[in-house]
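**Student:** Okay, here's the structure, questions in a sec.
The values are calculated or read from the model by the stated rules, or taken from the named source; none is laboratory data. Keep in mind the model is a prediction, meaning the values are calculated, not measured. Don't worry about glycine lacking a Cβ; one is built from the backbone with ideal geometry, like all the others, and counts go over all protein chains shown.
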Amino acid sequence: MVAASGREQPRNEFPGVPIAEAARQLGVPMPTLRSWELRYNMPEVVRGVGKHRRYSAAELHGLRLMRDEIARGKRASLAAQSVRELLQLTGTASEFVADVLAASERSDPLAVRQHLTRAQGALGLGPCLDDVLLPAMQQIGLWWQTGRCDVEQEHLATEAARAWLEALTAYAPAPARPTTIVLACGPTDLHTIGLEALATLLRYQQWTVRLLGAKTAVPALETAIHATHAGAAVIVSHLSSGRARAIQSLHAANVLGVKVFYAGNAFTSPRSRRNLPGVYLGTRLQDACELIDRALG
């Protein structure tokens with residue numbers, strides 16, 4: 001921009017919110033944010049003119065993930081490492097995640113499925129789901145939140161992943177376990193990709209699975225448990241606003257006498273799990289399957 005005098009006016013080359021506003025949005029004190037930057041390099045670059053901290057939308061998202069990891073009971077150093085692995089795509093599965101993300105950016109669902117198949121062949125089904133599929137879907141969600149991709153691209157990637165999981169299900173071995181497991185989201189929860197991935201992994205371990213999907217009302221859950229003679233139910237809730245309704249589902253299943261399991265971001269902190277019936281499954285699908293297997297024998 002040029003002023004009337006003909007001299008170029010300074011531009012704001014460092015957009016974003018100052019640290020006080022970041023602290024307010026995140027519910028994290030300013031000294032804690034400074035400590036995360038100085039001790040754990042989280043986020044890596046937040047300095048603007050005059051060395052004032054200003055946070056972009058992407059950096060705020062990284063700090064939000066850091067906050068949530070610590071709330072789950074993880075040490076700050078390990079939380080920072082986990083967040084960097086997600087946001088910077090480091091780790092053994094990074095090549096596959098990067099390929100899935102690149103295909104998503106090109107709006108190429110066939111390539112998304114092909115890269116997931118390649119990752120499965122190299123890593124195995126469980127690691128592919130935990131270390132490639134779910135991190136890629138989380139990253140695409142971040143892109144949508146920060147405006148890097150539009151909702152159509154986000155939906156395309158999700159549907160491509162869902163189609164890949166459905167194709168895997170067609171080749172799952174026949175059930176050989178005596179117990180049927182019902183899987184459902186809480187009554188207000190819409191995000192199902194993690195639940196669908198868990199269902200796929202359980203089917204490959206020869207469990208009989210009934211996937212009810214998004215926004216499963218308590219009466220629908222009860223009906224499904226009765227109709228399938230289920231011995232276990234898994235309830236997933238990701239939004240804190242839906243936690244109370246999901247807890248109603250947990251209690252309803254517990255009253256019916258089935259084994260109860262639950263997971264999702266709404267239950268990641270120890271406080272959120274206090275006095276709940278059932279077993280918390282954690283954040284990794286492979287660990288969840290081991291817990292289910294151990295509980296059902």
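**Student:** From the list 226, 191, exactly one residue is over 27 Å from residue 158 (Cα atoms) and either assigned by TED's automatic domain parsing to the domain that holds residue 256 or in contact (Cβ under 8 Å) with a residue 24 or more places away in the chain (or both). Which is it?
**Tutor:** Answer to the selection: 226.
**Student:** Quick check on this structure: which one of 71, 102 is modelled with pLDDT of 85 or more and of a type in the set (Gly, Ala, Ser)?
**Tutor:** Being modelled with pLDDT of 85 or more and of a type in the set (Gly, Ala, Ser) holds for just one of 71, 102, which is 102.
**Student:** Looking at 198, 183, 142, which one is surrounded by 22 or more Cβ atoms within 10 Å (Cβ to Cβ) and either of a type in the set (D, E, K, R) or in a helix (DSSP H, G or I) (or both)?
**Tutor:** Exactly one of 198, 183, 142 is surrounded by 22 or more Cβ atoms within 10 Å (Cβ to Cβ) and either of a type in the set (D, E, K, R) or in a helix (DSSP H, G or I) (or both), namely 198.
**Student:** On to the next question. Looking at 132, 97, 112, which is the one that is modelled with pLDDT of 95 or more, of a type outside the set (Lys, Arg), buried (at least 17 other Cβ atoms within 10 Å of the Cβ) and not in a loop (DSSP other than H, G, I, E, B)?
**Tutor:** Testing whether each residue is modelled with pLDDT of 95 or more, of a type outside the set (Lys, Arg), buried (at least 17 other Cβ atoms within 10 Å of the Cβ) and not in a loop (DSSP other than H, G, I, E, B) leaves just 112.
**Student:** If I go through region 247-297 residue by residue, how many of them are more than 15 Å from residue 235 (Cβ to Cβ) and either assigned to a loop (DSSP other than H, G, I, E, B) or charged (D, E, K, R) (or both)?
**Tutor:** Number satisfying all stated conditions: 12.
**Student:** Another question, if that's okay. Is it true that residue 243 is in a helix (DSSP H, G or I) and in contact with a Ser or Thr (Cβ under 8 Å, 6 or more places away or on another chain)?
**Tutor:** When the stated conditions are applied, residue 243 passes them.
**Student:** Take the residues in region 170-180 that are of a type in the set (Ser, Thr, Tyr) and either surrounded by 15 or more Cβ atoms within 10 Å (Cβ to Cβ) or closer than 20 Å to residue 232 by Cα (or both); name whichever of them is modelled with the lowest pLDDT.
**Tutor:** Out of the qualifying residues, it is 179.
Residues are listed down the side, and each one gets a yes or a no for (1) within 14 Å of the chain's Cα centre (by Cα); (2) not aliphatic (A, V, I, L, M):
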{"residue": "142", "(1), (2)": "yes, no"}
{"residue": "173", "(1), (2)": "no, yes"}
{"residue": "191", "(1), (2)": "yes, yes"}
{"residue": "198", "(1), (2)": "yes, no"}
{"residue": "203", "(1), (2)": "no, yes"}
